[in-house]
Amino acid sequence: MPNPGFETTTSDIISGQSLVGKVALVTGASAGLGIETARSLASAGATVYLLARDRRKLDAAVSTLQAESLAGQLECALLDLADLDQVRTAATGLLAACPRIDLLINNAGVMACPQGATAQGHELQLGTNHLGHFLLTCLLLPALRAAAQVSGEARVINLSSAGHRFAGMDFDDPDYQRRPYDKWQAYGQSKTANALFSVGLDARTRADGIRAFAVHPGAIMTELGRHMNDDDMKQVAASFPGGKMRFKSIPQGAATSVWAATSSELAGRGGLYLEDCQIAEAATADRAGGVESYALDTAMADRLWQLSQQWVGQTFCTN
Ligand SMILES: NC(=O)c1ccc[n+]([C@@H]2O[C@H](COP(=O)([O-])OP(=O)(O)OC[C@H]3O[C@@H](n4cnc5c(N)ncnc54)[C@H](OP(=O)(O)O)[C@@H]3O)[C@@H](O)[C@H]2O)c1
């Protein structure tokens, strides 16, 4: 493989790898990076479960990939992360279908949407991007543990974003009940939560061989920008050095997820924030990438774990 970096694609990462016998789950696999991540893992022979909330879009994604005659088997299931009851139903079905899960790619996400609430009343971006994935992952731990027992390691990849730099966790008012809603701050909080969840999960499950990583995929033109207007585009572009955003293609954007899921360089490691198929450096004021220290803070990660457990009404990883 050429030196990993901005331009690395999923093909560069997966070329020469075999995932035959592995089972991978990809959330948000009805669009953008999720479809490409599923494609890449299936091309190496993995059995891939595409998970999404919209039956029509999910069927279309599966048909598209089936037409490519990929080496691995494709399966699909409905999953709406904005409703914890539906997450529980999906997890029950997935556990029955997959006694072992090697790779869980928590890719689904919403960005900068108008203020909204999940079925259980949590702010929509935090509820979808973090809380739904928190519950799904914790419920699937028995299958992740079973896979790790067989192969030595299972991995959970949480799609975060450079947008985590917009905001840390506000534990006093995570659901925007007492402060005015800001769609970018709310996205930032949810993406910080994705990174902190990776830290908290890795700490609790590494002894079982389950390792967790956070990924910033880059800036990619996908349906994620469906709520953005011209002013938003200008504001986001202005946050990049020189006011210019450099976009990745979708195969470049999904490459870091596939690298996180498959790289032997990451064996025995976890709780890391990755970008451009590398471990990210600390964020600095003069560039757009990098990871803020608050997104990897173990005390914050523990606090988020406790809050998430309280919100889903269930305790995980107590031993
Ligand atoms: N694209 C970028 O520039 C960029 C940058 C940084 C981070 N990311 C992160 O990368 C991930 C993938 O983004 P993308 O660019 O591929 O976006 P996308 O094209 O909008 O795809 C997002 C996926 O998430 C699904 N989703 C949304 N809400 C859901 C819910 N309640 N339950 C289940 N699935 C839900 C969407 O389903 P529907 O089609 O039904 O809406 C879609 O399949 C996200 O976590 C995003 O935050 C992307």
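According to the Cα-based calculation, Rg over Rh for the chain is 0.93, with Rh computed by the Kirkwood formula.
With the simple spin-label model, which puts each label point 7 Å out from Cα in the Cβ direction, the PHE240 to THR298 separation comes to 3.6 nm. Once backbone amide H atoms are built at 1.01 Å from N, ALA46 has LEU19, GLY72 as its partners under 5 Å, excluding neighbours fewer than 5 places away on the same chain.
Net charge near GLY271, counting Lys/Arg +1 and Asp/Glu -1 over other residues with Cβ under 13 Å of its Cβ?
In short, +2.
Spin-label pair ARG55-ARG179: with each label point 7 Å from Cα along the Cα-Cβ axis, the two points sit 4.1 nm from one another. Across region 287-293, rounded Karplus estimates of 3J(HN,Hα) from the backbone phi angles (6.51 cos²θ - 1.76 cosθ + 1.60, θ = phi - 60°) give 9, 7, x, x, 10, 6, 4 Hz, Gly and Pro being marked x. Residue order by solvent-accessible surface for SER11, SER263 is SER11, SER263, largest first, with ligands and nucleic acids left out and a 1.4 Å probe. Given the options ILE101, GLN235, ASN158, identify the residue whose Cα lies farthest towards the positive end of the charge dipole of the chain (+1 on Cβ of Lys, Arg; -1 on Cβ of Asp, Glu). Of ILE101, GLN235, ASN158, it is ILE101. Karplus-derived 3J(HN,Hα) values for region 198-213, using 6.51 cos²θ - 1.76 cosθ + 1.60 with θ = phi - 60°, are 4, 5, x, 5, 4, 4, 8, 10, 4, 5, 8, x, 9, 10, 10, 9 Hz; glycine and proline are entered as x. The mean sequence distance of close C-alpha pairs (under 8 Å, at least 6 residues apart), as a share of the length of the chain, puts its relative contact order at 19 percent. For region 122-191, the solvent-accessible area of protein heavy atoms averages 29 Å² per residue (probe radius 1.4 Å; ligands and nucleic acids excluded).
What does the charge add up to near MET245, with Lys and Arg as +1, Asp and Glu as -1, over the other residues with Cβ less than 13 Å from its Cβ?
Value of the local net charge: +4.
Here the chain has 49 percent of its accessible surface on carbon and sulfur atoms, given a 1.4 Å probe and all protein chains in place. A dipole drawn for region 261-319 from +1 and -1 charges on Cβ atoms has a positive end, and of THR318, GLY268, THR298 the residue lying farthest that way is THR318. Taking the Cα centre of region 1-152 as origin and assigning +1 to Lys and Arg Cβ atoms and -1 to Asp and Glu Cβ atoms, the resulting dipole is close to 300 debye. Between the residues HIS122, VAL23, ALA82, the greatest Cα displacement towards the positive end of the dipole of region 17-162, with unit charges on the Cβ of Lys, Arg, Asp and Glu, is found for VAL23. In a reduced charge model with +1 at each Lys and Arg Cβ and -1 at each Asp and Glu Cβ, the chain shows a dipole moment near 360 debye about its Cα centre.
A crude spin-label estimate for the pair THR284 and ALA267, with each label 7 Å from Cα along the Cβ direction, gives 3.4 nm.
Once the Cα-Cα distance is subtracted from the 0.36 nm per residue extended length, the THR315 to ASP170 segment shows a gain of 50.0 nm. The equivalent ellipsoid that matches the C-alpha gyration tensor of region 167-319 spans semi-axes of 27, 22, 13 angstrom, in descending order. What whole-number distance in Å separates the alpha-carbon centres of region 224-276 and region 87-146? First find each Cα centre; the distance between them is then 21 Å. Scanning residues 5 or more positions from ARG53 or on other chains, those with amide H under 5 Å from its amide H are LEU79, with H placed 1.01 Å from N in the peptide plane. Test of understanding: extend the Cα→C-beta vector of ALA119 to 7 Å, then name every residue of region 77-101 with backbone N under 19 Å from that spot. Flagged as within label range: 77-96.
Full extension of the segment from PHE247 to ALA96, taken as 0.36 nm per residue of separation minus the current Cα-Cα distance, would add 50.4 nm.
The values are calculated or read from the model by the stated rules, or taken from the named source; none is laboratory data. Everything numeric in this text was worked out from a predicted model, so none of it was measured. All Cβ positions, glycine included, derive from the backbone under ideal geometry; neighbour counts span all protein chains shown. Surface accessibility is based on the protein's heavy atoms, side chains included, excluding ligands, DNA and RNA. Shrake-Rupley method; radii C 1.70, N 1.55, O 1.52, S 1.80 Å.
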